[in-house]
Structures are given as C-alpha cells and as structure tokens.
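Working notes for the structure below.
Each value in this text was obtained by applying a stated rule to the coordinates, not by laboratory testing. Values in this document were obtained by computation on a predicted structure and should not be read as measured data. Virtual Cβ from ideal backbone geometry, glycine too; neighbours counted across all protein chains shown.
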Amino acid sequence: MTLARVLKPLLPERGTRLAVAVLDLDSADQEVASYGAMESFDTASISKLGILAALLLRAQDEDRALTAAEHGAAEEMIRTSDNDAANALWQTIGEAEGLDAAHKRLGLKATRGGPGTSWGLTQTTASDQVLLLRAIFARGPVASPRPPQGLSQASRAYIRRLMAHITDGQDWGVSAAGSSGSRWALKNGWNQRNTTGLWVINSVGQVTVHSHRYLVSVLSSGNPSMKSGITLVERAARAAIGAASAHVRSRPQ
C-alpha cells in the first residue's frame with residue numbers, strides 16, 4: 001500500500017520534508033505502510049523514547065529496578081519533555097554509544113545517536129521509529145533481533161504508561177488521528193533550527209481506530225512555524241491512518 005497519493009497533496013510548495021510510517025498491530029500481515037520512511041530526520045525530543053528504552057535495558061541487564069532518581073527523571077523526560085532530565089539520563093546510558101547499542105538490540109537499522117550532549121540531533125527514519133514503537137507496544141513476549149533479550153513486559157508497560165499521560169499542551173500530533181474517545185500514547189519532538197529559523201516537528205505513538213491499534217511515526221522538517229508543523233503532522237497522521245484503516249475495512253470478512 002502506498003501513502004504517496006494521500007500525503008503529497010499535504011506538503012506546501014516550499015522545502016518542507018515529510019515522512020510517515022504506519023503499522024496496524026491487529027492485522028494479520030503486519031505490513032508497514034510508508035512514505036519517505038527511509039529519509040533521515042533530526043529526532044528532537046522523540047529521541048527521549050530511545051533514551052528511556054536504553055535505560056530500561058541497562059537496568060534489566062543489571063537485574064535491578066530503576067532508582068528513585070531514574071524514575072523521576074524518566075517521568076519528567078517523557079510526560080513533560082524535560083530537557084534537564086533527558087541530559088541526566090543521556091549521561092547514564094553512555095550518550096550516543098549507549099543509545100545506538102540499545103537501538104541495535106531492538107532492531108533499528110538507520111538511527112544514529114547525536115554528537116556529544118546533543119541527543120536532539122540523533123538521526124532517525126520513520127521506519128525505524130515504528131520498529132521502536134513495535135518493541136514497546138506489541139502484545140506478549142517480544143523476541144529481540146539480537147541477544148540479549150529486548151524490553152521486558154514490565155519495561156514496555158512502564159513506557160506505555162508514561163506515553164499515555166503526556167502533559168496538557170503537549171498532547172498534539174498522532175493523537176489527532178485516533179477515534180473519538182479512544183486512548184492514545186505518544187511522544188512529540190520539536191526544535192527550531194538556529195541556522196534557518198525553520199522547525200523540526202515530529203510525533204510518534206499508538207492510536208486506536210475502528211478497534212485496530214495503529215503505530216504511527218510522522219517526521220517533518222523545514223516547517224515555517226511550530227503551529228504549521230503541528231498542523232502538517234496531524235493532517236498527515238489522519239490521512240495515513242485513514243488510508244490504512246480503509247484498507248483494513250475493504251478486506252472481505
């Protein structure tokens with residue numbers, strides 16, 4: 001299934017870039033629908049999901065629970081997107097080297113940690129972000145592509161809980177694509193580039209439409225304002241999941 005037909009018309013004529021990947025977790029074929037899914041983008045704050053996954057994998061390997069300080073930083077980092085908390089945990093996981101090791105373990109293929117302390121300059125693709133979401137949201141045991149094991153069920157439940165309780169004002173993005181009244185879980189990222197004044201606006205997460213759970217990642221750059229970027233991301237998420245859910249509803253029952 002191609003998403004180009006529904007997504008290309010959403011792009012303004014100026015140099016805004018967009019990439020989307022969608023996976024229906026409740027479909028039999030587990031096909032990922034994508035548009036520009038292998039193009040590379042700055043993560044901005046969606047890299048905080050990877051930082052938390054790396055922290056939890058480290059704790060699993062050490063056969064321990066998170067410390068009180070780690071719990072507090074993780075909650076602030078995901079729920080309110082606190083950068084100081086992310087800075088602290090970036091150091092804890094070993095910066096880019098630790099992030100890359102965790103991503104490799106979870107099956108990501110094209111994501112590379114940012115230089116030095118710049119976790120927000122981590123490079124990723126829409127396809128890789130869906131792989132990370134799958135490692136978090138898939139039901140039942142999840143085998144890691146590479147030993148040792150991937151995220152435990154307890155670790156996955158912890159990340160999902162934080163993503164489902166994003167603070168007011170940051171609950172935009174892929175949540176706009178969900179059915180009315182349905183729950184969502186997400187992490188957004190935004191950053192204005194100093195050199196151009198243009199915005200990176202990203203949103204990744206899970207939404208429910210027609211009783212199907214969809215994992216969706218929407219990445220964008222070159223947005224003239226944060227508001228226009230959020231509008232683009234939300235319209236893209238709606239269009240992509242609408243196309244994917246229509247594909248499901250068109251199948252013989």
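Remarks
- Between the C-alpha center of the range 47-116 and that of the range 150-217 there is a gap of 17 Å.
- Glu13, Glu39 arranged by Cβ crowding within 10 Å, fewest neighbours leading: Glu13, Glu39
- Within the listed set Gly120, Gly50, Gly15, the Gaussian network model of the chain (springs between alpha-carbon atoms below 10 Å) gives the highest mean-square fluctuation for Gly15.
- Karplus-based coupling profile of the range 115-121, in residue order and whole Hz: x, x, 8, 8, 4, x, 9, with θ = phi - 60° in 6.51 cos²θ - 1.76 cosθ + 1.60 and x standing for Gly or Pro.
- Leu3 long-range amide H proximity, modeled H, under 5 Å: Ser34
- With coordinates expressed along the principal axes, the C-alpha atoms belonging to the range 33-148 extend over 40, 31, 24 Å, beginning with the largest.
- Annotation: peptides 237-244, 221-228, ranked by per-residue average of other Cβ atoms within 10 Å with the highest first, follow the order 237-244, 221-228.
- Residue order, fewest to most beta carbons within 10 Å, for Arg79, Arg5: Arg5, Arg79
- Comparing Ala37, Ala54, Ala164 in a Gaussian network model of the chain (Cα springs below 10 Å), the most mobile by mean-square fluctuation is Ala164.
- Computed 3J(HN,Hα) for the range 208-222, one whole-Hz value per residue from the Karplus formula 6.51 cos²θ - 1.76 cosθ + 1.60 where θ = phi - 60°, is 10, 9, 6, 6, 9, 8, 10, 9, 9, 10, 10, 10, 8, 8, x, glycine and proline marked x.
- When each of Val209, Val233, Val20 is scored by the number of other beta-carbon atoms lying within 10 Å, the sequence from fewest to most is Val209, Val233, Val20.
- Within straight-line cross-link reach of Lys48, lysines at Cα separation under 24 Å, skipping those fewer than 8 residues along the same chain: Lys104, Lys109, Lys187, Lys227
- Between amide H atoms placed 1.01 Å from N, distances below 5 Å from Arg213 occur with Leu25, Asp26, all of them 5 or more places distant or on a separate chain.
- Cα pair count fraction exceeding 34 Å, expressed as % - the chain: 11 percent
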